[in-house]
Amino acid sequence: MHKIFFKSACLLGALSVLLGAFAAHSLKGSISDYAVAIFETAVRYQFYHVFALLITSFLYRDFPSKFTRWAGILFITGIILFSGSLYILTYIKGAVIPGYDWVGVVTPIGGAAFILGWIFLFVAVSGKKK
């Protein structure tokens, strides 16, 4: 499982850099500053949690438990829900498509997944002594 987390972190990290470069070079000036800020928030949180996923992949070797596994799953879920919903919201705002602001309701669910991931990671390393 630690290799799945590691590989996922690598791919999501590469995607973070790609999307960050896209925002810096293509989005600025073509959509509102508000939409760009939404996109940059998505990239930032994705990148933060790529590092969390990398840490989880290494910890899973030393603390292979359901809590470590769930931490990794929750970090991936959080990236998909939190950052993904913000990417979609950026598109909606940038293309000025009315009536789809409800997509932003998904974002806090992704945020809750991030929080739970951190809590599960804490629990995973708190119970064992090596």
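Please report, in cubic angstrom per residue, the volume enclosed by the convex hull of the alpha-carbon atoms of the chain. Walk me through the intermediate numbers first.
Values: hull volume 11.1 nm³, N = 130.
Per-residue hull volume (Cα only) is 86 Å³.
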(message) Based only on other Cβ atoms within 10 Å, what is the fewest-to-most ordering of 43, 105?
(response) 105, 43
(message) Can you tell me the orientation of helix 2-22 relative to the chain, as the angle in degrees between its alpha-carbon axis and the longest Cα principal axis, to the nearest 10?
(response) 20 degrees
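Give, as a single signed number, the net charge of other residues whose beta carbon lies under 14 Å from the beta carbon of residue 20, with Lys and Arg counted +1 and Asp and Glu -1.
Numbers: positive: 28, 44; negative: 40.
Taking every Cβ under 14 Å from that of residue 20, the sum is +1.
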(request) Going by C-beta contacts inside 10 Å, put 41, 68 in order with the fewest on the left. (result) 41, 68
(request) Mind telling me which of 85, 26, 65 comes out most flexible in a GNM of the chain, alpha-carbon contacts under 10 Å? (result) 26
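Please report the relative contact order for the chain, taking Cα pairs under 8 Å with a sequence separation of at least 6, and give it as a percent rounded to a whole number.
Numbers: 152 pairs, mean separation 38.1, N = 130.
Result for the chain is 29 percent.
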(message) Angle check, please: helix 66-78 long axis (alpha carbons) against the longest principal axis of the chain (alpha carbons), in degrees 0 to 90, nearest 10.
(response) 10 degrees
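Bear in mind that the values in this text are calculations on the coordinates, not laboratory data. Since this is a predicted model, take the numbers as computed values, not measurements. FYI the Cβ positions are ideal-geometry reconstructions off the backbone, even for glycines, and counts take in every protein chain you see.
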